Amino acid sequence: MSILVFDGDCAFCTRSAGFITSRIKPRTEVHSWQSLDLEALGLTPAQCSTAVQWVSDAGETRSGAAAITTMLKEAGTGWAALGAFGDLPGVRSLAAVTYRLIASNRHRLPGASATCETSD
C-alpha cells in the first residue's frame, strides 16, 4: 500500500491529513514523517518538512502537488477524477505553483502554528 507522508509538527498539515483520512478516505496510508522510518522509505527529514510526500509500494515517490494528485487518483471515483484533472499538463503547473504558495505560507493559515513555518 502506498503512503502519504506529512509534517506532524505542523498543525495545518495535521489538520489537512485529518481531512484526507476522514473525508477523502484514500486507499493510501497517511502518516506523519516523525512516526516513520524515513530511510526505509527513501526520504529525508528535509524533504518531509518542506512538502508532503507520496511513496508507492515499489518505492516510487512524488512530492508536493504531485503527491496529492497521486493520492487522489488512488482514492475513489470522484476523487480519482479530481486527481486525474490535477495531473493534466496546464493544471499540473498551476497546482504546483499553488502548492508552493500554500506550503510557504502554511504558518499563516487557519489551524497553523509557529512550527508550520518552513525555511524555503
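The values are calculated or read from the model by the stated rules, or taken from the named source; none is laboratory data. These figures come from a predicted structure and were not determined experimentally. As a convention, Cβ positions derive from the backbone with ideal geometry for all residues, glycine included, and neighbour counts pool all protein chains shown. Keep in mind that these areas ignore ligands, DNA and RNA; they rest on the heavy atoms of the full protein, side chains included. Shrake-Rupley method; radii C 1.70, N 1.55, O 1.52, S 1.80 Å.
What pairs come up if the first residue lies in the range 12-41 and is touching a residue at least 40 places away in the same chain (Cβ under 8 Å) and of a type in the set (Lys, Arg), the second is assigned to a helix (DSSP H, G or I) and buried (at least 17 other Cβ atoms within 10 Å of the Cβ), and their beta carbons are under 9 Å apart, counting only those six or more places apart or on different chains? Partner pairs satisfying both residue conditions: Lys25/Trp79; Arg27/Met71.
Among the residues of the range 88-95, are any in contact (Cβ under 8 Å) with a residue 12 or more places away in the chain, in contact with a Phe, Trp or Tyr (Cβ under 8 Å, 6 or more places away or on another chain) and open to solvent by 50 Å² or more (accessible area, probe 1.4 Å)? Break it down stepwise before answering.
Filtering the range 88-95 down to residues in contact (Cβ under 8 Å) with a residue 12 or more places away in the chain leaves 92, 95.
Next, from what is left, pick out any that are in contact with a Phe, Trp or Tyr (Cβ under 8 Å, 6 or more places away or on another chain): none.
Within the range 88-95, not a single residue is in contact (Cβ under 8 Å) with a residue 12 or more places away in the chain, in contact with a Phe, Trp or Tyr (Cβ under 8 Å, 6 or more places away or on another chain) and open to solvent by 50 Å² or more (accessible area, probe 1.4 Å).
Residue count for the range 48-70, restricted to those that are more than 19 Å from Val97 (Cβ to Cβ) and either of a type in the set (Val, Ile, Thr) or in a helix (DSSP H, G or I) (or both): 4. Looking only at residues of the range 57-87 that are under 14 Å from the mean Cα position of the chain (by Cα) and either without any contact (Cβ under 8 Å) to a residue 12 or more places away in the chain or open to solvent by 80 Å² or more (accessible area, probe 1.4 Å) (or both), we find that the one that is farthest from Cys13 (Cα to Cα) is Lys73.
Would you pick out the residues in the range 1-52 that are closer than 19 Å to His107 by Cα and either open to solvent by 60 Å² or more (accessible area, probe 1.4 Å) or polar (S, T, N, Q) (or both)? Let's see the steps before the verdict.
Step one: of the range 1-52, the residues closer than 19 Å to His107 by Cα are 5-19, 32-34, 45-52.
Scanning the range 1-52 gives Asp9, Thr14, Arg15, Ser16, Phe19, Ser32, Gln34, Pro45, Ala46, Gln47, Ser49, Thr50.
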